[in-house]
Amino acid sequence: MRHIIIVLLAFTLIHSTAAAQTQRRARTDANVTGHITSASTGEHIPYITITLKGSSFGTAADASGHFALRDLPEGPQTLAASSVGYKTQELNVVLERGKTIEVNFALEDAAIGMDQVVVTSSRNETSKIGASTVVNVASARLFDTIDPVSLSDAMSFQPGLRIEMTCGNCGVPALRINGLGGQYSQILLDGQPIFSSLAGVYGLEQLPVAMVERVEVIRGGGSALFGANAIGGVVNIITKEPLRTTFSFGNTTSIYDGGGADVATSLGGALVSPDGRAGAYIFGQVRDRAEYDRNGDGFTEIPRLRGETAGIRGYLRTSPRARLTYGYHRMHEFRRGGDNLDRPPHETLVTEQLEHTIDGGELRYNFWSADYGHRASLYSAAQGIGRGSYFGTDRDPNAYGRTKDFVTNVGGQYTRTMERLLFMPAELTAGIEYTYNKLEDNYFHRLHSVSQKTHLVGGYLQNEWKNDRWGILAGARIDRHSAMDNVVVSPRANLRYAPTRAVSLRLSYSSGYRAPQTYDEDLHVTAVSEKVAVIHNAPGLRPEYSHSVSGSVDLYHSFGRLQTNLLVEGFHTDIRDAFDLVTIAESETGFEIERRNSSGVKVSGVNLEAVAGIPRRFDIEAGFTYQRSRYKEPFDWAGGRGESAPVRRVFRSPDAYGFFTANVVVSKRLTGSLFGTYTGPMVVQHTLPDGAGGEIFRNEQTRSFFDAGMKLSCTVQLPGSVSLELDCGVKNILDSYQPDPDFGAAKDAGYIYGPAVPRMLFVGAKITL
């Protein structure tokens, strides 16, 4: 950790020098000052974001609600004020050299973020209500409600999404979108696909919420914009940027019902130059989580975890119409599950132990014309992972392994905004990018190794005709993937009709594909019946392709001060040549599992989302999904052995699931929150010893689960614009947890389902200045 801090301080020093040089450039002395107040109360609002549209200038109001922008471009301009909880307001101004003008905003309260800006819908900034496809956003409001430590704690609170742990030894979090497994989701970090197969195994649990500004989610195929693997949907993790000089430090301590703790301490600090031309945000987190043994058999259901994360994200405005953004993060994590966790792994009956070191970073240069009609960006990102591991049983001294992974992505994008193209205003977007991934995975005692290099070259083109009432988007992406014989063409089409601002009707078609290569499940070795299971691809494995259609109705209405939103979305996804895992052989030491093409999968269903609230009084959000995920033909995962009959129902895919969150403002400083998730019955694979050296394979039907929690938060204002937030609460208050985890060394580590944690009490404190 000491070395990381030294590196970040060096970054800050370099950044400050560059900012100073930028400040010495020619000035216009065209300045804007002002304040932001609440339209309903007249009180000043702190920390509102102020931007000059079509430029790289922006700032945030201070604690008293005042702001200043200096040395702005001359001429007619538009200023915008925005923040979560308020409607965006835009004001037109005329700026002159050597003059300072005053501009004041009076913002209306908003319990629902209609005007929230999103980027994942079309790779361009647009309002959420005007996006061509439905985009769900997990942001600070959700994080404040449920108090998550890592990103995996928050993702179940979005329509159509579930997080499920799939290994009791090492705790693999799997994200499922519209009933499809985690391997069908494309995870982006600041819009770039550097989440490789290895990063996808534990990545969502390794990312601390302290570094995340928001998460944008698109359900359905996304390969037309983002390339391979985007069959179930796209998750774009957008990290924090500096808006004002600030500092925060916090701790959350959670205690298992029965003992053991999960302790997470985080800090964040931003430094922004007085003229707003440069800024840097530094973040860090240290986490120490104890193991958890539900049934007292000496073998874990939740692994021990220790991790440290640190990073920086900053920007430098090189001109009024250009901006350089950079970022770097480093993560170190140790996790271990099984028995006798304080002994060396090879002196235990079952151990899954992993130690990750992750380094990643990005550079992005954006520039645009004076009228914002031409916009372009050049970008590059890379991430390297080193992993030491032990996946072994029965005191095996040779079950150690080592994995190295490197991924890089480079590309460019051009966008042209036109007042009219044929029949309507339009926005044309074109881009090209290249992604390279090198993976070396070795487990010495099994003579098992993976050496894989993949190259993906892609280009995309789309046009969106758009006005207040209509939106018509058509586009496609062409990819050349080194693991596939043929070029892949992935089309998309979207139609939006808004008869009024409060009503949006959408129809969407999208496509996706996955290449026959190594995936995240291959890089996790599960212990089953004191044996280990290894996955490989079948000879002649074909790519899988998907086609997704969806239609939605998005309604907004206010009943006096009560603001509401109702979204109803129907969806259908058809996957051809779907990849499935079949156990084909077993020996005294392990199972051989082969990835094969099945007949395919069809997923159909409905997502419902309802939001209601009175600003500064209360807000309620709930989502529910009803769906059917079925194989086109019965699938036998045990290869014709055991008690498992072929099934049509996709494993670990309940027909019904949902979530809710609720916040009540008790007083100006006291807030109460309730939150929870529901998971309906599903079918889970289960492997048990038969007592004679063999195994029994079963399809188990689970019961439903309701995981509810509550939180009380108090904010105390201290002298000097310093605030202290204190909170406490209970997660999984009903202790809704798997009732039948396997017992002893012969347990099936993959037979785990339901809520990720048992009942936990938590307390937290955060100081901000």
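The values are calculated or read from the model by the stated rules, or taken from the named source; none is laboratory data. Bear in mind that the values here come from a model prediction, so they are computed numbers and not experimental data. When we count neighbours, we look across all protein chains shown, and the Cβ atoms used for this are built from the backbone with ideal geometry, even at glycine. Areas reflect the complete protein model, heavy atoms only, side chains present, ligands, DNA and RNA absent. Shrake-Rupley method; radii C 1.70, N 1.55, O 1.52, S 1.80 Å.
Of the residues making up the range 524-551, those that are at pLDDT below 80 and assigned to a loop (DSSP other than H, G, I, E, B) are His524, Val525, Ser529, Glu530. Scanning the range 710-732 for residues that are surrounded by fewer than 18 Cβ atoms within 10 Å (Cβ to Cβ), outside any strand (DSSP E or B) and touching a residue at least 24 places away in the same chain (Cβ under 8 Å) gives Gly720, Ser721. Can you confirm whether Ser254 is surrounded by fewer than 21 Cβ atoms within 10 Å (Cβ to Cβ), among the hydroxyl-bearing types (Ser, Thr, Tyr), touching a residue at least 60 places away in the same chain (Cβ under 8 Å) and on the phi < 0 side of the Ramachandran plot? Judged against the criteria, Ser254 is not a match. Screening the candidates Asp580, Asp619, Asp554 for the property of being modelled with pLDDT under 85, open to solvent by less than 60 Å² (accessible area, probe 1.4 Å) and within 27 Å of the chain's Cα centre (by Cα) yields one hit, Asp580. Checking each residue in the range 251-278 for being assigned to a strand (DSSP E or B) and touching a helix residue (DSSP H, G or I) at 6+ places or on another chain (Cβ under 8 Å) picks out Ser266, Leu267, Gly268, Leu271, Ala278. Selection within the range 389-412: residues that are over 24 Å from Ala228 (Cβ atoms) and part of a strand (DSSP E or B). The member of this set that is most open to solvent (accessible area, probe 1.4 Å) is Arg402. Identify all residues within the range 354-388 that are without any contact (Cβ under 8 Å) to a residue 40 or more places away in the chain and open to solvent by less than 40 Å² (accessible area, probe 1.4 Å); write none if there are none. Gly361, Ala376, Ser377, Gly384, Gly386, Gly388, listed by residue number. Against the criterion of being open to solvent by 70 Å² or more (accessible area, probe 1.4 Å) and in a strand (DSSP E or B), Phe697 does not qualify. The set of residues from the range 50-67 being closer than 15 Å to Thr245 by Cβ and either open to solvent by 30 Å² or more (accessible area, probe 1.4 Å) or in a loop (DSSP other than H, G, I, E, B) (or both) comprises Ala61, Asp62, Ala63, Ser64, His66.
The single residue among Arg289, Arg277, Arg317, Arg321 that is among the basic types (Lys, Arg) and open to solvent by 40 Å² or more (accessible area, probe 1.4 Å) turns out to be Arg321. Only one of the numbered conditions (1) open to solvent by 50 Å² or more (accessible area, probe 1.4 Å); (2) touching an Asp or Glu at 6+ places or on another chain (Cβ under 6 Å); (3) at pLDDT 85 or above is violated by Lys87, and that is (3). Suppose we keep only residues that are touching a strand residue (DSSP E or B) at 6+ places or on another chain (Cβ under 6 Å) and over 22 Å from Ser273 (Cβ atoms) within the range 68-84. Which one would you say is surrounded by the most Cβ atoms within 10 Å (Cβ to Cβ)? Among those that are touching a strand residue (DSSP E or B) at 6+ places or on another chain (Cβ under 6 Å) and over 22 Å from Ser273 (Cβ atoms), it is Thr78. Take Ile302 and decide whether it is closer than 26 Å to Ile187 by Cα, of a type in the set (A, V, I, L, M, F, W, C) and either in contact with a Leu (Cβ under 6 Å, 6 or more places away or on another chain) or open to solvent by less than 20 Å² (accessible area, probe 1.4 Å) (or both). For Ile302, the condition - closer than 26 Å to Ile187 by Cα, of a type in the set (A, V, I, L, M, F, W, C) and either in contact with a Leu (Cβ under 6 Å, 6 or more places away or on another chain) or open to solvent by less than 20 Å² (accessible area, probe 1.4 Å) (or both) - is met. Considering the range 146-181, the residues that are polar (S, T, N, Q) and out of contact with any Lys or Arg (no Cβ under 7 Å at 6 or more places or on another chain) include one that is most open to solvent (accessible area, probe 1.4 Å), namely Thr166.
Could you pull out the residue among Ile101, Ile163, Ile129 that is in contact (Cβ under 8 Å) with a residue 60 or more places away in the chain, more than 17 Å from the chain's Cα centre (by Cα) and not in a loop (DSSP other than H, G, I, E, B)?
Just one listed residue meets the conditions, Ile101.
Per the listing Ala230, Ala290, Ala278, the residue uniquely touching a Phe, Trp or Tyr at 6+ places or on another chain (Cβ under 9 Å), more than 21 Å from Ser721 (Cα to Cα), of a type in the set (A, V, I, L, M, F, W, C) and without any contact (Cβ under 8 Å) to a residue 40 or more places away in the chain is Ala290.
Identify all residues within the range 210-262 that are among the hydroxyl-bearing types (Ser, Thr, Tyr), over 23 Å from Ser139 (Cα atoms) and at pLDDT 90 or above; write none if there are none.
Result: Tyr256, single match.
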